[in-house]
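Here's the structure we're looking at; comments come further down.
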Amino acid sequence: MRKPLTLRVLSSLDSKGWLALGIFLALALILVPVLNLAVPEDSAFHMSAYAITLIGKIMCYALVAVAMDLIWGYGGILSLGHGLFFALGGYAFGMYLMRQAGSDAGALPAFMIFLDWKELPWFWLGSDSFVWVILLVVVVPALVAFVFGYFAFRSRIKGVYFSIITQALTYAAMLLFFRNETGFGGNNGFTDFRLVLEHSVTSPQTRLVLFGLTAVMLAATLVFSRWLVTSKFGRVLTAIRDSESRMMFIGYNPLWYKLFIWVVSAVLCGIAGALYVPQVGIINPSEMSPANSIEIAIWVAVGGRATLIGPVIGAFVVNLAKSWFTVSFPEYWLFFLGLLFIVVTLMLPQGLVGLWKKLMLKKGAAA
């Protein structure tokens, strides 16, 4: 008898996996709020607002890295344009935050007043509704990914050609969003957020709620992704990655498998972007830059492809290193990032997770 879906999802992780997730959520939902609100600021154990914002931002990046791992690690689809979906989700939620920042319920966003706009563009209608904007966060990246992916996968574009096209797509979108007349704030984008659901964005309580939501979303994404890649769909997807021609020969149509995982990955990026914007306080076209999308691939490569937890580790390692380098040695950060990618590609093809597994195997053999 086939297990219900809920049981199949819950059984996708072993006891160690659930223990690790439980510890992670306990730290994020209990320990962090206590260290921030209950521990005095002059204590060595106090967790500052800066640290919470930094970790919250990196958790959003980790969510994007898991999304990338689904298509690259398990689907063999290397996207160099995933920053587009991240930014689309961020802009969709940023529209709501900009409407909330207005002095009156029907007031135009500040940048529109500065540019002498007289009324909201049609695509801004409904942006003062939280429910409508959450729908946009999911639907807009999904729709863009579906349209692009359908024509790309139907034409059997893959490999380096697909990567270049995705990079061109995100670059074109970046140039479009840089223009003031598009209605998205131009070069400056959206900033100066004040309220979310009638609560101050900058208050400690709101910051901790956003931090907790990000942690829960990351944990839920890991569980969902683990279930997905271990299901029949995941096994077929991996087989398509390894030999697409053979799968077509035995009767499978790779188009719908690749398109489905591509759209799921885009939606996860959009959700990550929506969680990122209120925590960081800004969204602008630079989030769509090709360099940002390449960094996403680096996080996955550093952590380890087709491992799910590896991209999370890679996102934290690279971005914590970036935070330190850009303060201590800002002029050397890009050199370090390039060197890191080269070293991982040549010496650690399976990333940090692969290195850890090798060390454990050697330790077990020695014992």
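The values are calculated or read from the model by the stated rules, or taken from the named source; none is laboratory data. Predicted, not measured: the structure shown is a model, and the values here were computed from it. Cβ coordinates were reconstructed from backbone atoms using ideal geometry, including for glycine residues, and neighbour counts include every protein chain displayed.
Computed quantities for the displayed model
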read-out: Qualifying positions in region 136-165 - within 21 Å of the chain's Cα centre (by Cα) and without any contact (Cβ under 8 Å) to a residue 12 or more places away in the chain; value: V139, L143, V147
read-out: Entirely in region 165-249, the helices (runs of 4 or more DSSP H) that have 1 or more residues that are of a type in the set (A, V, I, L, M, F, W, C) and more than 30 Å from A152 (Cα to Cα); value: 204-230
read-out: Conditions (1) surrounded by fewer than 16 Cβ atoms within 10 Å (Cβ to Cβ); (2) closer than 19 Å to I71 by Cβ; (3) among the charged types (D, E, K, R); number of the one not met by E331; value: (2)
read-out: Residue within region 306-316 that is under 25 Å from L208 (Cβ atoms) and without any contact (Cβ under 8 Å) to a residue 60 or more places away in the chain present; value: yes
read-out: Number of the condition not met by S127 [criteria: (1) under 30 Å from L255 (Cα atoms); (2) buried (at least 17 other Cβ atoms within 10 Å of the Cβ); (3) more than 22 Å from the chain's Cα centre (by Cα)]; value: (1)
read-out: Some residue of region 233-250 being touching a residue at least 40 places away in the same chain (Cβ under 8 Å), surrounded by fewer than 19 Cβ atoms within 10 Å (Cβ to Cβ) and among the aliphatic types (A, V, I, L, M); value: no
read-out: Flag for S265 being among the hydroxyl-bearing types (S, T, Y), in contact with a helix residue (DSSP H, G or I) (Cβ under 8 Å, 6 or more places away or on another chain) and modelled with pLDDT of 95 or more; value: yes
read-out: Test set (1) at positive phi; (2) in contact with a helix residue (DSSP H, G or I) (Cβ under 7 Å, 6 or more places away or on another chain); (3) surrounded by fewer than 21 Cβ atoms within 10 Å (Cβ to Cβ) - G281 fails condition number; value: (2)
read-out: Pairs where the first residue, in region 183-198, is within 13 Å of M112 (Cα to Cα) and the second is in a loop (DSSP other than H, G, I, E, B), C-beta under 6 Å, 6+ apart; value: G183/P121; G189/N284
read-out: Test: residue in region 344-360 that is under 30 Å from V216 (Cβ atoms), exposed (fewer than 11 other Cβ atoms within 10 Å of the Cβ) and among the hydrophobic types (A, V, I, L, M, F, W, C); value: yes
read-out: Matching residues, region 75-113, being surrounded by 24 or more Cβ atoms within 10 Å (Cβ to Cβ) and hydroxyl-bearing (S, T, Y); value: S79, Y91, Y96
